[in-house]
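The values are calculated or read from the model by the stated rules, or taken from the named source; none is laboratory data. Quick caveat, the model's predicted, so the values are computed rather than measured. Cβ placement follows ideal geometry from the backbone for every residue including glycine, while neighbour counts extend to all protein chains displayed.
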Amino acid sequence: ENTIKVAIKMSGLGETFDCDLDPAHTVDQALDAVLLARPSLAKDSLSLVRKGRILKPTQVLKDAGLAEGDTLHLVVKASEATGEQEDAKEENDANDDAQNIPQFPFASMFGGMPGMPGMGMPGMGMPGMGMPGMGM
């Protein structure tokens, strides 16, 4: 079997591991080999990147220029992280609900919003404190 050893660097985790790949295989087959080393990953959420270019699943490794000792970057696609994003969204929805609670819980004890009757603001309904000519 004619394999080459390449380094697989997992983006975002800073983890790198070696993997033996057959240059005649496609990128899709290479991902299968990577998953043998890291079975916790979901294949449909992964991409291999070489020198800043995302390799297509049908691309043959040798045609992509892959050689012994090269580094491939394993990238988890954001669209597949929806499980975490959904959890975060539910958490944000809960936070939104909490934000609908008045920020000053004692406002009702002081007559409501500033400038409303009962707050003692000039011109806002206190007898003798109105603006001249307004009949207060």
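Of everything in the range 17-44, what is surrounded by fewer than 11 Cβ atoms within 10 Å (Cβ to Cβ) and either touching a Gly at 6+ places or on another chain (Cβ under 7 Å) or polar (S, T, N, Q) (or both)? Give them in sequence order.
Within the range 17-44, just SER40 meets the criteria.
Go through the range 10-36 and report how many residues are touching an Asp or Glu at 6+ places or on another chain (Cβ under 9 Å) and of a type in the set (S, T, N, Q).
Going through the range 10-36 one residue at a time, the tally reaches 1.
Among the residues of the range 61-72, what is the count of those that are surrounded by fewer than 18 Cβ atoms within 10 Å (Cβ to Cβ) and under 31 Å from the mean Cα position of the chain (by Cα)?
Residues of the range 61-72 surrounded by fewer than 18 Cβ atoms within 10 Å (Cβ to Cβ): 62-63, 65, 67-71.
With under 31 Å from the mean Cα position of the chain (by Cα) added as a condition, the list becomes 70-71.
Number of matching residues: 2.
Which of the residues spanning the range 31-64 are under 18 Å from ALA78 (Cα atoms), in a loop (DSSP other than H, G, I, E, B) and not charged (D, E, K, R)? So that I can check it myself, show each step before the final result.
So in the range 31-64, the residues under 18 Å from ALA78 (Cα atoms) come out as 31, 40-49, 52-57.
Okay, now just the ones that are also in a loop (DSSP other than H, G, I, E, B), so 40-42, 52, 55-57.
Answer for the range 31-64, where residues must be under 18 Å from ALA78 (Cα atoms), in a loop (DSSP other than H, G, I, E, B) and not charged (D, E, K, R): SER40, LEU41, ALA42, GLY52, LEU55, PRO57.
Please determine, by comparing only the residues of the range 25-64 that are under 14 Å from THR3 (Cα atoms) and of a type in the set (Gly, Ala, Ser), which one is modelled with the lowest pLDDT.
ALA33
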